[in-house]
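J.: Take a look at the following structure, please.
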Amino acid sequence: RDTDRSRGLGDVYKRQNVDISSKKMKVSTAGYKYQVDADNIETIELLDKLPGESFYRVNGGSTDMYDIGYYKGSDTGKCMLFIFDGYEPILKITGGGKIVFLNSKNEGEVQDWYEQIKKIHTDIETDE
């Protein structure tokens, strides 16, 4: 196997795409996707950390570096995680029939997403 060209599955999980337009928001990583129309976003919250509940993986990837895919929280219930362990803040989005927790390894990026989402959907409930 050509190790210079082979990335391995771990690299796939490191690449996260977030696209926020005037009409929708899309998040994708390693084959797991969340897409919601702007009008269907119900709430957004900027959290200091992931809620202190147990999250059980239903279908996804989990290592000591990330938790990505479909999970069930002991309080939250069914949800999706796009979480890199050890990075804050966490963006919690409710919409399109799903609850999603999302963060980034890049400083300030989560706050930027939060502000962009507030702009595309002005009636949205925020944590402010």
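J.: As an exercise, use a Förster radius of 25 Å and the Cβ-Cβ distance of LEU47 and GLU109 to find the FRET efficiency, rounded to the nearest 0.05. Numbers along the way, then the final one.
T.: Values: r = 15 Å, r/R0 = 0.59.
According to the calculation, E is roughly 0.95.
J.: Rounded if a/c is under 1.5, else prolate if a/b beats b/c, else oblate: with a ≥ b ≥ c from the C-alpha gyration tensor eigenvalues square-rooted, which is segment 53-92?
T.: Oblate is the answer for segment 53-92, as a/c is 1.5 or above yet b/c matches or exceeds a/b.
J.: How big is the C-alpha Rg of segment 14-90 next to the rule-of-thumb value 2.2 N^0.38 Å, as a ratio?
T.: Compared with the compact-globule rule of thumb, segment 14-90 sits at 1.11.
J.: How much length, in nm to one decimal, is gained on full extension between LYS23 and SER74, taken as 0.36 nm per residue of separation minus their Cα-Cα distance?
T.: Numbers: separation 51, 0.36 × 51 = 18.36 nm, distance 3.21 nm.
My answer for the length gained is 15.1 nm.
J.: What's the local net charge at TYR70, with K and R +1, D and E -1, over the other residues with C-beta under 10 Å away?
T.: +4
J.: What's the center-to-center distance, using Cα atoms, between segment 29-49 and segment 54-70 in Å?
T.: Going from one Cα centre to the other spans 16 Å.
J.: Another question, then. Any lysines with Cα under 19 Å of the LYS105 Cα? List them, leaving off those in the same chain fewer than 8 positions away.
T.: In chain and number order, the partners are LYS14, LYS26, LYS33, LYS49, LYS92.
Coordinate-derived values only; no laboratory data. Every value quoted in this text rests on a predicted model; they were computed, and no experiment measured them. All Cβ positions, glycine included, derive from the backbone under ideal geometry; neighbour counts span all protein chains shown.
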